[in-house]
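Student: There's a structure below that I have some questions on.
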């Protein structure tokens, strides 16, 4: 990675596969994009694992001083939000931080917290609904719908069991 950055830049490892780059001298967004491009190319490679060829790619989240934060903690948090969006967009790309990412992440966290409390507070109710054929109006089965009665938002739309399972995991 050091081959892609200048001597005034700093690279730090945050975890197994997460790194942070502090680039102190940039001419503009174009300079940042060129650096990201070099890093992404350098990290794009394949390797053999027990006879299976695997491919490595990278995702990058970018936050800029002072636009996206005036201290290291805020800049790292916002770069993390951008990284999360890059990964959710299929990976192997980069995203610049935008203010709506923080709002979306905050809403998602609030919803997840409410959802976990909903299980504890037994806010989910099962509603049964008949399945009827259109031509004969004959009942052919029953669907079970899970509905969430949120304390402040009211009744949710139905959640299919697969959507509910994905949300809870």
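The values are calculated or read from the model by the stated rules, or taken from the named source; none is laboratory data. Keep in mind that this is a model prediction, so the values were computed, not measured. Using ideal geometry, Cβ is built from the backbone for each residue, glycine included, and neighbour counts are taken over all protein chains shown.
Student: If residue 35 satisfies every condition in (1) within 24 Å of the chain's Cα centre (by Cα); (2) surrounded by fewer than 16 Cβ atoms within 10 Å (Cβ to Cβ); (3) more than 21 Å from residue 88 (Cα to Cα) but one, which is the exception?
Tutor: Every condition holds for residue 35 apart from (2).
Here's the yes/no breakdown for (1) over 20 Å from residue 22 (Cα atoms); (2) buried (at least 16 other Cβ atoms within 10 Å of the Cβ):
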{"residue": "72", "(1), (2)": "no, no"}
{"residue": "78", "(1), (2)": "no, yes"}
{"residue": "83", "(1), (2)": "no, yes"}
{"residue": "94", "(1), (2)": "no, yes"}
{"residue": "103", "(1), (2)": "yes, no"}
{"residue": "115", "(1), (2)": "yes, yes"}
{"residue": "119", "(1), (2)": "yes, no"}
{"residue": "124", "(1), (2)": "yes, no"}
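Student: Run residue 165 past the list (1) assigned to a helix (DSSP H, G or I); (2) modelled with pLDDT of 80 or more and report the number of the one that doesn't hold.
Tutor: Single failed check for residue 165: (2).
Student: Could I ask something else about it? Considering only segment 82-107, how many residues are touching a helix residue (DSSP H, G or I) at 6+ places or on another chain (Cβ under 6 Å), over 21 Å from residue 43 (Cα atoms) and at pLDDT 90 or above?
Tutor: Going through segment 82-107 one residue at a time, the tally reaches 1.
Student: A follow-up question, please. Just to be sure before I move on: is residue 25 more than 25 Å from residue 102 (Cβ to Cβ), in contact (Cβ under 8 Å) with a residue 12 or more places away in the chain and surrounded by fewer than 10 Cβ atoms within 10 Å (Cβ to Cβ) in the structure I sent? Show your work before the answer.
Tutor: Details: more than 25 Å from residue 102 (Cβ to Cβ): yes; in contact (Cβ under 8 Å) with a residue 12 or more places away in the chain: yes; surrounded by fewer than 10 Cβ atoms within 10 Å (Cβ to Cβ): yes.
Yes.
Student: Right, here's the next one. All but one of (1) at pLDDT below 85; (2) more than 21 Å from the chain's Cα centre (by Cα); (3) assigned by TED's automatic domain parsing to the domain that holds residue 154 hold for residue 112; which doesn't?
Tutor: Unmet for residue 112, out of (1) at pLDDT below 85; (2) more than 21 Å from the chain's Cα centre (by Cα); (3) assigned by TED's automatic domain parsing to the domain that holds residue 154: (2).
Student: Filter the strands (runs of 3 or more DSSP E) completely within segment 17-64 down to those with at least 2 residues that are within 21 Å of residue 2 (Cβ to Cβ).
Tutor: Fully inside segment 17-64 and qualifying: 19-22, 45-49, 60-62.
Student: Given the conditions (1) free of Cβ contacts under 8 Å to residues at least 12 places away in the same chain; (2) under 30 Å from residue 123 (Cα atoms), report the number of the one that residue 54 does not fulfil.
Tutor: (2)
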